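A.B. asks: One structure coming up, written as C-alpha cells, with questions to follow.
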Amino acid sequence: MTSELVVRYFHFLGIFFLVSAMVAQHLLIEAEMSKKQFIKLVRIDAMYGISALIVFLTGMTLWHAVGKPAEFYTGNFLFHIKFTLFIVAAVLSLPATVFYLKNRNFSGSHIQIPKKYLMFLRVQKLIILIIPALAVCMARGVGLN
Ligand code: HEM
C-alpha cells in the first residue's frame, strides 16, 4: 500500500511540475527572444522533460507494479487513449528541445523561434487538458471492456 501511495504522490508531483513548466514556456516563448529569455526557456524545457519522465515512470509503475492489477488498465480503451496522447505530446516536444539545445550558446543578442514550435506547444497544452478527464474515468473503470 505504501509503495502505491508514494508512486501516486510522485505521479501527481510530476504532473504539477510538468504543467507549471508548460505554462512558464507559454508565458515566456515569443517569435523573437533575447539571449537572457532564451536561456530561461532552455532551463524550463529541461524541467518539462524531467517532469514528463517522472510522470511516465510513475505511470508505468502504477500500471504494472503497484495498485490495481495491470489488466484493469490494459483492458481499458480510455487508458490507451491517455497513454497515446501522452506519447504524442512527448514526441511533439522533442523538435523544440533539440532546437533549444543546439542554440543554447548562440552568438548575437536575439534568436528567432520557428513558428511551428509555438504551434506544437499549443497542441501539447490541448492534450494536457484532455488527459486528466481520461485519467479520472479510467481510474474508476469507465472504458473497461
Ligand atoms: C500528463 C500526463 C498525465 C496526467 C495529467 C495524468 C493524470 C492522472 C490522474 C489525474 C490520475 C488519478 C486518477 C484518479 O485517481 O482519479 C492518474 C492516475 C494514473 N495514471 Fe496518469 N497521468 C498522466 C500520464 C500517465 C501515463 C503516461 C501513464 C502510464 C504510463 C499513467 C498511468 C496512470 C495510472 C495507472 C494511474 C492510476 C489510476 C488508478 O487509480 O486506477 N498516467 N493519472
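The values are calculated or read from the model by the stated rules, or taken from the named source; none is laboratory data. All figures in this text were calculated on a predicted structure; none of them were measured in a lab. Glycine gets a Cβ as well: all are built from the backbone with ideal geometry, and neighbour counts include every protein chain shown. These area figures cover heavy atoms from the full protein model, side chains too; ligands, DNA and RNA do not enter into them. Shrake-Rupley method; radii C 1.70, N 1.55, O 1.52, S 1.80 Å.
A.B. asks: Return the residues of region 51-80 that are open to solvent by 50 Å² or more (accessible area, probe 1.4 Å) and either in contact with a Leu (Cβ under 6 Å, 6 or more places away or on another chain) or among the basic types (Lys, Arg) (or both); say none if nothing qualifies.
C.D. replies: Lys68
A.B. asks: Checking Tyr48 against (1) open to solvent by 70 Å² or more (accessible area, probe 1.4 Å); (2) under 12 Å from the mean Cα position of the chain (by Cα); (3) among the aromatic types (Phe, Trp, Tyr), only one condition comes out false. Which one?
C.D. replies: (1)
A.B. asks: Where residues in region 8-40 are open to solvent by less than 40 Å² (accessible area, probe 1.4 Å) and touching a strand residue (DSSP E or B) at 6+ places or on another chain (Cβ under 7 Å), which of them is farthest from the ligand (Cβ to nearest atom)?
C.D. replies: Result: Ser34.
A.B. asks: I've got another one for you. Can you report the number of residues in region 91-136 which are aliphatic (A, V, I, L, M), open to solvent by less than 80 Å² (accessible area, probe 1.4 Å) and away from the ligand (no atom under 11 Å from the Cβ)?
C.D. replies: Qualifying residue count for the region: 8.
A.B. asks: Let me spell it out: the conditions are (1) over 30 Å from Thr2 (Cα atoms); (2) open to solvent by 80 Å² or more (accessible area, probe 1.4 Å); (3) of a type in the set (A, V, I, L, M), and Val88 meets all of them except one. Which number is the exception?
C.D. replies: That leaves (2) as the condition not met.
A.B. asks: Which residues, taken from region 52-69, are more than 9 Å from the ligand (Cβ to nearest atom) and either of a type in the set (Gly, Ala, Ser) or within 12 Å of the chain's Cα centre (by Cα) (or both)?
C.D. replies: Within region 52-69, Leu53, Ile54, Ala65 meet the criteria.
A.B. asks: It is to be established whether one or more residues within region 46-53 are closer than 24 Å to Arg140 by Cα and in contact with a helix residue (DSSP H, G or I) (Cβ under 6 Å, 6 or more places away or on another chain).
C.D. replies: Checked region 46-53: at least one residue is closer than 24 Å to Arg140 by Cα and in contact with a helix residue (DSSP H, G or I) (Cβ under 6 Å, 6 or more places away or on another chain).
A.B. asks: Further question: Please enumerate the residues belonging to region 119-137 that are in contact with a helix residue (DSSP H, G or I) (Cβ under 7 Å, 6 or more places away or on another chain) and closer than 16 Å to Ile87 by Cβ.
C.D. replies: Phe120, Val123, Gln124, Ile127, Ile128, Ile130, Ile131, Leu134, Ala135
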